[in-house]
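Novice: Once you've had a glance at the structure underneath, I'll fire off some questions.
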Protein chains: 4
Amino acid sequence: MKKISIAGATGYTGIELLRLLVKHPEVETATLTAESHAGKNIADIAPSLRGWVDQTLVKLSPEVAQGCDVLFLALPHTTSMQHVPELLKSDCKIIDLSADYRLHDAQVYGDWYKTPHLNPELLSQAVYGLPELHRDKIKQAQLVANPGCYPTSAVLALAPLMKENWVDAQSIIIDSKSGVSGAGRKLKQTTQFCEANESVSAYGLGEHRHTPEIEQALAGAATGPCTVSFTPLLAPMPRGILASCTARLLPGTAPGAVTDALARAYAGEPFVRVLPPGQWPVTGATAGSNAVHLQAAADTRTGRVIVMSALDNLGKGAAGQAVQAANVMLGLPETAGLTTSGVAP
Amino acid sequence: MKKISIAGATGYTGIELLRLLVKHPEVETATLTAESHAGKNIADIAPSLRGWVDQTLVKLSPEVAQGCDVLFLALPHTTSMQHVPELLKSDCKIIDLSADYRLHDAQVYGDWYKTPHLNPELLSQAVYGLPELHRDKIKQAQLVANPGCYPTSAVLALAPLMKENWVDAQSIIIDSKSGVSGAGRKLKQTTQFCEANESVSAYGLGEHRHTPEIEQALAGAATGPCTVSFTPLLAPMPRGILASCTARLLPGTAPGAVTDALARAYAGEPFVRVLPPGQWPVTGATAGSNAVHLQAAADTRTGRVIVMSALDNLGKGAAGQAVQAANVMLGLPETAGLTTSGVAP
Amino acid sequence: MKKISIAGATGYTGIELLRLLVKHPEVETATLTAESHAGKNIADIAPSLRGWVDQTLVKLSPEVAQGCDVLFLALPHTTSMQHVPELLKSDCKIIDLSADYRLHDAQVYGDWYKTPHLNPELLSQAVYGLPELHRDKIKQAQLVANPGCYPTSAVLALAPLMKENWVDAQSIIIDSKSGVSGAGRKLKQTTQFCEANESVSAYGLGEHRHTPEIEQALAGAATGPCTVSFTPLLAPMPRGILASCTARLLPGTAPGAVTDALARAYAGEPFVRVLPPGQWPVTGATAGSNAVHLQAAADTRTGRVIVMSALDNLGKGAAGQAVQAANVMLGLPETAGLTTSGVAP
Amino acid sequence: MKKISIAGATGYTGIELLRLLVKHPEVETATLTAESHAGKNIADIAPSLRGWVDQTLVKLSPEVAQGCDVLFLALPHTTSMQHVPELLKSDCKIIDLSADYRLHDAQVYGDWYKTPHLNPELLSQAVYGLPELHRDKIKQAQLVANPGCYPTSAVLALAPLMKENWVDAQSIIIDSKSGVSGAGRKLKQTTQFCEANESVSAYGLGEHRHTPEIEQALAGAATGPCTVSFTPLLAPMPRGILASCTARLLPGTAPGAVTDALARAYAGEPFVRVLPPGQWPVTGATAGSNAVHLQAAADTRTGRVIVMSALDNLGKGAAGQAVQAANVMLGLPETAGLTTSGVAP
């Protein structure tokens, strides 16, 4: 049995990691950390874990890394990078679920996250943990940067078309509807039930920090730079992202080829489902699972293609993807602990 | 007191019309029709009206028009046009909430609604009932075509920019999140609670019938044709539309001018609110009211403008707008019966 | 036009009061207070009021009472009683929406609210503001204690049976499901969307402070004391209370008489609807209105009666009831500003 | 690997059974039946299963039983009993998730289900599939009647107190809040999103068919008959039951002993969690799992005890419990396939 620890176990991502690890046949949890709740039992903070996980929370320290094979960091942005250099000194593999090691360029990080990166020298060493695009590098990595939820949905939707050079890389518009858990567990007025419920709202237009991450990942899939207009919205559901990804088709691209290209790109992938013709993604069908549902349509009237992408922001958008990467890093079957379909209804 | 009748009073739009008319100080309801529920009391079909409306439902007939000043037709598409010619023979003014008289071109109607128009000669006589754009024509009309919910939100968002000729009319992409009541009250698998709840889904991509209506209305505001990519989505809330309207800014347009242009365009309008800087529309703030909330931002990085528009699909998107048009047609204060802020939370 | 002020205008109850006053034909708002938001415009704190109320918030002071006919206190429990004695020195009528003046006995207040009452001498002067039971006293009062949301639903359900002496006053069990807005607008973990959504939970069993209020009100309706088991629960909806009120029928009571007794008790009441046989209350049908829906059934198999009662906790359970009481106190038509059916869907 | 088939695979219970079986380490699915969808792929009817289950639906026939070790019947009430006699002729073990074999007395079945039982001779042979009470009998059974969702929550809450003879068996009042999936997947007006959402409603008061099932199961736990007042309600969530179970404490019972008695009764049970003092059950914490959360309090003021019980109506209330029983019948570890904590948020 491999040993896995979690730093930041009481946030929504930490709790979801534990839900997945409980039924993972080849791992056991070592240490769970939480700063303000240290000393308490995790089940008192996360009642859904009552009877499944019975462990006392401790504070994060360098020793945490020493007792385990993989350490998940489910910490806030800018907190992870305060700990990673010290933690890397152990042999432990680290999967950071924050944004701190996703961007290759420290300058871009500083521009969007409004603070200088504390250890820019680690950025080239960190691997972007999207197995469908970077499986081989993940196998070798000691430090994996788990992709953001919005970028995962958008990049899986568009990367195959970018690789084929079928769309205008300057024309990409992504409108993403996210469940409220994406905003985290910290108390906020906008995520109170009575404010978030029964309401859709936009936020951070033109400024959302996932924008450069999407652009970097798509540029990597394509042959050159791309510029993305990214609109994030909050929808009244706990989990789920539905991304509408629109782009101008380049001349000469056969509209009918688009869905086929997606199907071809993800043949053999255990978690990406390109839906049959006529079926469009529904976030509810992915909730609780590590699946991504994709469908595309080329609109000859407008000369544009739209790819719709649905996933669970806490699943393939965070914890599920991290477990998938851990499986790859540990040489386990990639689907171990993740053989669970969506919870519907 | 003016007399108002409703054909199709037991659907969601009919019920909302009644909710507004109950507190309208200058009208009284004459006849309420419903085909399958004829003979029953409306409060047995719509329990929210219990104690407020106590009236027996009858079947629609030409006589219904004779007893009233305004007749609202809250009937399905293609049903309205079976009745309108006969109903117009009375002096009664008609506001049709279906799509049957919204498009000027019978050919376009036939292409998108998959059935020939039964009385194309009436299309030129019908006035598109968006008071902010066509108030004077509405005053004179006997037949008003109440705009669709998606078109209302999109057209109010973009018309001022089209008039200024600031955006590329071929670059418009509209991604609209709608509450489930937009799908009507008829039983469907996709609108069952357990299927629609906690889930966002796309439908009718590239084929939604509101597309030509949006294009026609925007072309009317601009100096030439425009082509729109329109993506409708269902969000897990009963009411509300949030439209993300993106377009390429034409060279020479000052990004800072965009919000000002909206504010200028709607100064004096009783129901359109251009939000202060930094505030983005939230559908929940408009629920139950006839208000539209707008905010815009120009993104110099991408050269695009985005206008977000929120309204209640049953309010300004249907029943509220119809009452507003009725007020205009009857010479009443335009806000009569509509002085109600959003129901929040 | 009568002048009405609100202390605590930015909580959910304050916002709902404003929603009702905006369309009230015979009042205008004078002063709106809020402590932490003083100096801001109310529409920046409550976006649903944008364009309907355009007023700057001030801090509460004795002067507030001097400029108006009625002052609503939408303040937290124990805060109201710090201000009321000073505010009463003006001629202004006061409707306190907190619990501070609902209980007649200062000792009971101290026991349940865990703090001594600051001005017990005012308790006998305050009138319990349930117009259906105390209309005449409300007319004469300067200080009205607006009933709690749970007590309103339970007392209207059971008072007619208590008056008839049909039920065992020691056998009453009330299980009440409340919308989340009942917990107020202050940030709490349990009312965050992701915790409250899609979940029903119990709280405060055996300790909820509305218990003595219900017992006092029912004892007033009956000929002697009564003891109530009260179970409050949070349901995943913004508004609404559904109370299941069960009691043992005393020997000799005809089961069939129960619904008739309710209908008789509330004949002529503008806001209480006893539903037709076979229809059970649904909270959604009352949302946004001042209506109460009631239905009863006697179960001869068990010898018990159950009365179900639905209302909007912010409507008849708080702001609507307060406006109703204000109308009574000001000699206005009791339904002024309240002629609005439920917002459904 | 054991072979398991499902009759009625496309309803909510059938889909949940498949979700659990997909990750069950020791079973594989044999045949899936569905009458109206026969010939289609299950993933086209249940998109959450896309990529996890790839199987064509067939019609139910006697052969279905021959190819498997356990056959789950997720069929409507009164349909199961049309098939069971024929299906039992094979060696296959049958777990019927309908109500057809839950009641021991055919007369009671006929009274409450309004139709005579077709094979009353099988009622004595069927075992009531609540492992916490009847584990040994389940091991030996060929035909198991899977308990109803409401009875499971109520019986687990009250059985320990009945066994101790601590409560008055004529004083039991159960008020149960259920998620909408409990109403099944068939189209109904009351379960449309816009009707069920944001609303709590009562139904079937005094007539709900789970009443005699609860009474029978509690009488079995006690030393004599009991009479229950049962109030079922629909709450706006897809899954979950929260049961408020109130009863009069018999003289001499120490209030403090109640929670201890629960803890003692379920020590060693893998799925029943008696919560620590001060924590009350929340349905959301059990969603997606086979767990039951219990908490009790004795109220000395009223002389009553209340036990709150939360579970997932599709989990421990249906599919999870059926898998648990199947594990018992097949000699597998009782938690196999069920090691999954609640999906929260």
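Novice: Magnitude of the Cβ-charge dipole of segment B:2-125, K/R +1 and D/E -1, about the Cα centre, nearest 20 debye?
Specialist: Details: 11 positive and 15 negative charges, 63 e Å.
In debye, rounded to 20, segment B:2-125 gives about 300.
Novice: Only Cα pairs within less than 10 Å get springs; with that Gaussian network setup on chain B, which residue of B:Ala291, B:Ala183, B:Ala34 has the largest fluctuation?
Specialist: Between B:Ala291, B:Ala183, B:Ala34, it is B:Ala183 that shows the largest mean-square fluctuation.
Novice: Please compute, over every Cα-Cα pair in segment D:148-233, the percentage with a separation greater than 18 angstrom. Don't skip to the answer; put the middle values down first.
Specialist: Numbers: 1679 of 3655 pairs.
In whole percent, the long-distance tail amounts to 46.
Novice: Treat every Asp and Glu Cβ in chain D as -1 and every Lys and Arg Cβ as +1, leave all other atoms uncharged, and give the resulting dipole magnitude about the Cα centre to the nearest 20 debye.
Specialist: Details: 27 positive and 30 negative charges, 82 e Å.
So the dipole magnitude of chain D works out to roughly 400 debye.
Novice: Taking K and R as +1 and D and E as -1, what net charge do the other residues with C-beta under 11 Å from the C-beta of C:Ala43 add up to? Let's see the in-between values first.
Specialist: Numbers: positive: B:Arg273, C:Lys40, C:Arg50; negative: C:Asp44, C:Asp54.
So the surrounding residues net to +1.
Novice: Once Rh is set to the Kirkwood radius over Cα pairs, what Stokes-Einstein translational diffusion coefficient, in µm²/s, holds for segment A:1-72 at a temperature of 20 °C and a viscosity of 1.002 mPa s? Walk me through the numbers on the way to the answer.
Specialist: On the way: Rh = 11.9 Å.
The estimated diffusion coefficient comes to 180 µm²/s.
Novice: Restricting things to alpha carbons, find the Rg to Rh ratio for the protein assembly as shown using the Kirkwood radius for Rh.
Specialist: Numbers: Rg = 31.2 Å, Rh = 32.7 Å.
Result: Rg/Rh = 0.95.
Novice: Quick check on the protein assembly as shown: of the DSSP beta bridges with both residues there, what percent are antiparallel, nearest 5%?
Specialist: Working: 110 of 226 bridges.
Antiparallel bridges: around 50 percent, rounded to the nearest 5.
Novice: Counting Lys +1, Arg +1, Asp -1, Glu -1, what net charge surrounds C:Gly315 among other residues with beta carbon under 12 Å of its beta carbon? Provide the component values of the computation, followed by the final result.
Specialist: Values: positive: C:Arg19, C:Arg239, C:Lys316; negative: C:Glu16, C:Asp312.
Neighbour charge sum, excluding C:Gly315 itself: +1.
Novice: For labels at C:Lys163 and B:Gln82 in the simple 7 Å Cα→Cβ model, what's the distance in nm?
Specialist: About 5.1 nm separates the two model spin labels.
Novice: State the antiparallel share, in %, of DSSP beta bridges confined to chain C, rounding to the nearest 5.
Specialist: If we restrict to bridges inside chain C, about 45 percent are antiparallel.
Novice: Which percent of the Cα-Cα distances in segment A:186-259 go past 16 Å?
Specialist: On the way: 1772 of 2701 pairs.
Here the long-distance tail beyond 16 Å is 66 percent of all Cα pairs in segment A:186-259.
Novice: In addition: Calculated from DSSP H runs of 4 or more alone, at -39500 (n - 2.57) each and per residue, what is the 222 nm mean residue ellipticity of chain B, nearest 500? All intermediate terms of the calculation are to be shown ahead of the outcome.
Specialist: Details: 11 runs with 97 residues, N = 345.
Taken over chain B, the calculation gives -8000 deg cm²/dmol.
Novice: Okay, next question. Using the Kirkwood formula on the Cα atoms of segment B:2-125, what hydrodynamic radius do you get, in angstrom to one decimal?
Specialist: On the way: mean 1/r = 0.0667 Å⁻¹.
Result for segment B:2-125, one decimal place: 15.0 Å.
Novice: Does anyone have the angle between helix C:131-140 and the longest principal axis of chain C? Alpha-carbon axes, 0 to 90°, nearest 10?
Specialist: Roughly 40 degrees between the two axes.
Novice: Name the chain D residue nearest the rotation axis between D and A, going by Cβ position, and give the distance in whole Å.
Specialist: D:Val343, 3
Novice: Looking at the calculated P(r) for segment C:124-194, what percent of the C-alpha pair distances fall above 17 Å? List each step's numbers first, then the result.
Specialist: Working: 1508 of 2485 pairs.
It works out to 61 percent of all Cα pairs.
Novice: Kindly give the distances from C:Gly224 to its copy-mates, label point to label point, with each label point 7 Å from Cα along Cα→Cβ, as nm values to one decimal ordered shortest first.
Specialist: In ascending order, 2.7, 9.0, 9.3 nm.
Novice: Considering only the label points, 7 Å along Cα→Cβ from Cα, what distances in nm to one decimal separate A:Gly331 from the same position in each other copy, shortest first?
Specialist: From this label point to the equivalent ones elsewhere in the assembly: 3.6, 9.0, 9.2 nm.
Novice: How far is B:Asn119 from itself in the other copies, in nm, if each label sits 7 Å out from Cα along the Cα-Cβ line, shortest first?
Specialist: For B:Asn119, the inter-copy label distances come out at 6.3, 6.8, 7.7 nm.
Novice: Give me the three principal axis extents of chain C from the C-alpha atoms, as integers in angstrom, largest value leading.
Specialist: Its Cα atoms span 62, 44, 39 Å along the three principal axes.
Novice: Give me the net charge of B:Thr302's neighbourhood, meaning all other residues with Cβ under 15 Å from the Cβ of B:Thr302; Lys, Arg count +1, Asp, Glu -1.
Specialist: -2
Novice: Here's a follow-up. Taking 1 over the mean of 1/r across every pair of different Cα atoms in segment D:207-311, what Kirkwood radius in Å do you get? Could you put the intermediate results ahead of the total?
Specialist: Details: mean 1/r = 0.0660 Å⁻¹.
Result for segment D:207-311, one decimal place: 15.1 Å.
Novice: For chain D, what is the relative contact order in percent, using Cα pairs closer than 8 Å and at least 6 residues apart in sequence?
Specialist: Working: 775 pairs, mean separation 58.8, N = 345.
About 17 percent, as a whole number.
Novice: Can you tell me, using C-alpha contacts under 8 Å and at least 6 residues apart, the relative contact order of segment C:175-233 as a whole percent?
Specialist: Details: 49 pairs, mean separation 28.2, N = 59.
Computed value for segment C:175-233: 48 percent relative contact order.
Novice: Taking the Cα centroid of segment B:289-317 and of segment D:267-315, what is the distance between the two, rounded to the nearest whole Å?
Specialist: About 46 Å separates the Cα centre of segment B:289-317 from the one of segment D:267-315.
Novice: While we're on this one: Based on alpha-carbon centroids, what's the gap between segment D:1-43 and segment B:115-158 in Å, whole number please?
Specialist: Segment D:1-43 and segment B:115-158 have Cα centres spaced 51 Å from each other.
Novice: Oh, and also: Going down the list C:Lys2/C:Lys40; B:Lys3/B:Lys177; A:Lys23/D:Lys93; A:Lys188/C:Lys3; C:Lys137/C:Lys163, which pairs span over 29 Å between their C-alpha atoms? Present the calculation step by step, with values, prior to reporting the outcome.
Specialist: Values: C:Lys2/C:Lys40 25 Å; B:Lys3/B:Lys177 35 Å; A:Lys23/D:Lys93 27 Å; A:Lys188/C:Lys3 35 Å; C:Lys137/C:Lys163 19 Å.
Exceeds cut-off: B:Lys3/B:Lys177; A:Lys188/C:Lys3.
Novice: Out of the trypsin sites (Lys or Arg not before Pro) in segment A:269-345, which ones are loop residues according to DSSP with at most 12 other C-beta atoms within 10 Å? Present the calculation step by step, with values, prior to reporting the outcome.
Specialist: Working: sites: A:Arg273, A:Arg301, A:Arg304, A:Lys316; in loops: A:Arg301.
Qualifying residues, ordered by number: A:Arg301.
Novice: Below 8 Å between Cα atoms, with a sequence gap of 6+, how large is the relative contact order for segment B:195-336 in percent?
Specialist: Values: 216 pairs, mean separation 30.9, N = 142.
The normalised contact order for segment B:195-336 reaches 22 percent.
Novice: Kirkwood-based Rg over Rh for segment B:284-345 (C-alpha set), two decimals? Write out the running numbers ahead of the final one.
Specialist: Details: Rg = 15.0 Å, Rh = 13.0 Å.
Ratio of gyration radius to Kirkwood radius: 1.15.
Novice: Among D:Thr259, D:Ile95, D:Ser171, whose Cα lies farthest out toward the positive end of the dipole of chain D, if unit charges sit on the beta carbon of Lys, Arg (+1) and Asp, Glu (-1)?
Specialist: D:Thr259
Values in this text are rule-based calculations from the coordinates and carry no lab data. These numbers were taken from a predicted model, which means no experiment stands behind them. Positions of Cβ are generated from backbone atoms using ideal geometry, with glycine treated the same way; all protein chains shown enter the neighbour counts.
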